[in-house]
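The values are calculated or read from the model by the stated rules, or taken from the named source; none is laboratory data. Just so you know, these numbers come straight off a predicted model, no measurement behind them. Note: ideal-geometry Cβ built from the backbone for every residue, glycine included; neighbour counts use all protein chains shown. When the accessible area is computed, the model is the full protein with side chains, heavy atoms only, and any ligands, DNA or RNA have been set aside. Shrake-Rupley method; radii C 1.70, N 1.55, O 1.52, S 1.80 Å.
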Amino acid sequence: MIVQKTSVFPAGRDVVFKKLQQLKTLQYIAKPYATFEPIGNAVQSWTVGSTSSYRFRLFGLIPFGTHTIHIVRFDPARVSSREGNEHVPVWNHDIMMKQLDSSHTRYTDRVEIKAGWKTVFVWLWANAFYSHRQKKWIRLLTKK
């Protein structure tokens, strides 16, 4: 199943891309739906070919396995990762960014989810999660 959400962010693509490179951005935009605690040497900035693992908790409380993120593309127009954990073996995440003008970027999250019989439940949660993430992104980008 596919989840896809698009928003217009109040910042240029370079600003969005710079923040997207930081683990602390993921941790901020994911709360309270999910928390990502690095396992081992924490990746502070993602690059093509990097793989990192996290203790993943739903709503910051419910352990949901070890989530692994492998970056296959990472540039200002598109970021692609192949992710998954014990409960959701396929979580293929693509982020597309299109600069609309110097202070606006169209940002799209597209996620392919495969989790066997749990897929529909994960898809429902992911729809809410990505709507939340994009609202948090906008809040982050408008902070003074």
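Screening Val15 with (1) part of a strand (DSSP E or B); (2) aliphatic (A, V, I, L, M); (3) touching a helix residue (DSSP H, G or I) at 6+ places or on another chain (Cβ under 9 Å); (4) open to solvent by 60 Å² or more (accessible area, probe 1.4 Å) gives one miss only, at (1). For segment 77-92, a tally of residues being open to solvent by 50 Å² or more (accessible area, probe 1.4 Å) and either assigned to a loop (DSSP other than H, G, I, E, B) or closer than 22 Å to Arg55 by Cα (or both) returns 4. A count restricted to segment 18-30 and to residues that are in contact with a helix residue (DSSP H, G or I) (Cβ under 8 Å, 6 or more places away or on another chain) and open to solvent by 20 Å² or more (accessible area, probe 1.4 Å) stands at 2. Within the set Ile113, Ile2, Ile69, Ile95, the sole residue that is of a type in the set (A, V, I, L, M, F, W, C), surrounded by 19 or more Cβ atoms within 10 Å (Cβ to Cβ), more than 22 Å from Leu140 (Cα to Cα) and touching a residue at least 40 places away in the same chain (Cβ under 8 Å) turns out to be Ile113.
Scanning segment 35-52 for residues that are among the small types (Gly, Ala, Ser) and within 14 Å of the chain's Cα centre (by Cα), we see that the one that is surrounded by the fewest Cβ atoms within 10 Å (Cβ to Cβ) is Ser45.
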